[in-house]
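Here's the structure, in structure tokens; my notes come after.
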Amino acid sequence: MAESTIPVDLFNPGQVFACLGFMELADVLLGDAMAGFNWRNKAKAEFHLSATEVENPFEVVLDFLASATVERITPVGYVELPKKKAGAEDGDDDEDDDESELDVAAGAFSETFPAKEGDTTSLPVRLLVADRAAIEVSHWADGSARDTFKLYAGNRSAEKITKAMVNGVRKKPTKKQTIGDLKYQGIKQLWAEKKDDLVANPFDVLTPLGGSFNFDPRGAWTALDAGYSPNTQKHGVAASPLVHLLAACGLEHTRPVEFGVRQVRYCVWSGLLPVSLARVAFQGHVPSLLTKHFRFELALSGKNKIVTFAQQENNHEHQ
């Protein structure tokens, strides 16, 4: 078993969710993944991940994401509805002026589409690398009774957000250009320029972002917080595209526990667990483990919900 370690901020819910994303993708790409946390006698907590292959599982997952193409998934017979322009009052990060190349594609029909119907902004997506794997990201539309934990709102689609996280965002091309200048970097550009940094400390390689899945509190803002509207001024806020995308992947088969109005709880555990048990431990349902429990509030920005930094629920660890 190949085991590797990365630093993680346990008080950043998005980073913990992203750890689950690393685990889920490593399990698909390499097989027999096991994962866990170590915070004892450490200046900063660590996330441990192992898989059956000899390669560094973090590097394998990062390389997959940097190589992936993104396609949306639609139910058979799905018909695209006319686009509706969302106003600033919706709290929507509207990058349409700079994202002409991210227009909605035809998509891939699915015989087993998870939800009852397809909504334009809520269609799931698939990360695809030919001859390697196809991984669906659909936790907000899985059709189950679980909370969707869909945080983004307005006229943004999961396809647009995922493409921005993977490919970056480009401006509209000028008359002399076939492709616009790069405005915001994505995972592809960061992998090409900062591969070693990403492998060693993936969550702390930050870049200005446009719209996102709202999982990384380091990039969260409201007009009141900033003193002006970054949305109106078209200013990106530095955060991690990896945290946003991996967090969405990590919640595919589990969810944090919502126990009040926008009040959310999650758990980290000590020691390596197989994927099926780790999904349960994340919700705090394995009392025999050494664990830490955290809670945070989902802030509001227009119709968007935004992850905030967490607080530890107790001064002692559970065992």
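Here are some notes:
- The range 1-76: relative contact order in percent, alpha carbon pairs under 8 Å with at least 6 residues between: 38 percent
- Between VAL286 and GLU258, the simple spin-label model (points 7 angstrom out along Cα→Cβ) gives 2.6 nm.
- Whole-Å semi-axes of the range 237-319's equivalent ellipsoid (Cα gyration tensor): 23, 16, 12
- Percent carbon-and-sulfur accessible area, the range 268-319, ignoring ligands, DNA and RNA, probe 1.4 Å: 48 percent
- Above-threshold pairs, the threshold being 18 Å between Cα atoms, out of LYS163/LYS183; LYS163/LYS303; LYS44/LYS188; LYS160/LYS188; LYS150/LYS303: LYS163/LYS303; LYS44/LYS188
- For a paramagnetic label modelled on MET1 (point 7 Å from Cα along Cα→Cβ), amide N atoms under 20 Å away belong, within the range 38-56, to 38-40, 46-56.
- Compared with the direct C-alpha span, the chain from LYS44 to THR69 gains 5.6 nm at full extension, assuming 0.36 nm per residue.
- Whole-percent carbon and sulfur share, accessible surface of the range 106-185, 1.4 Å: 49 percent
- Cα principal axis extents for the range 265-309, largest first, Å: 40, 18, 14
- Rg in Å to one decimal, and Dmax rounded to a whole Å, for the range 171-219 via C-alpha atoms: 13.5, 41
- FRET efficiency estimate (nearest 0.05) - Cβ-Cβ, ALA130 to THR178, R0 30 angstrom: 0.80
The values are calculated or read from the model by the stated rules, or taken from the named source; none is laboratory data. These numbers come from a predicted model, not from an experiment. Backbone-built Cβ (ideal geometry, glycine too); neighbour counts: all protein chains shown. Accessible surface is based on the protein model in full, side chains and every heavy atom, while ligands, DNA and RNA are left aside. Shrake-Rupley method; radii C 1.70, N 1.55, O 1.52, S 1.80 Å.
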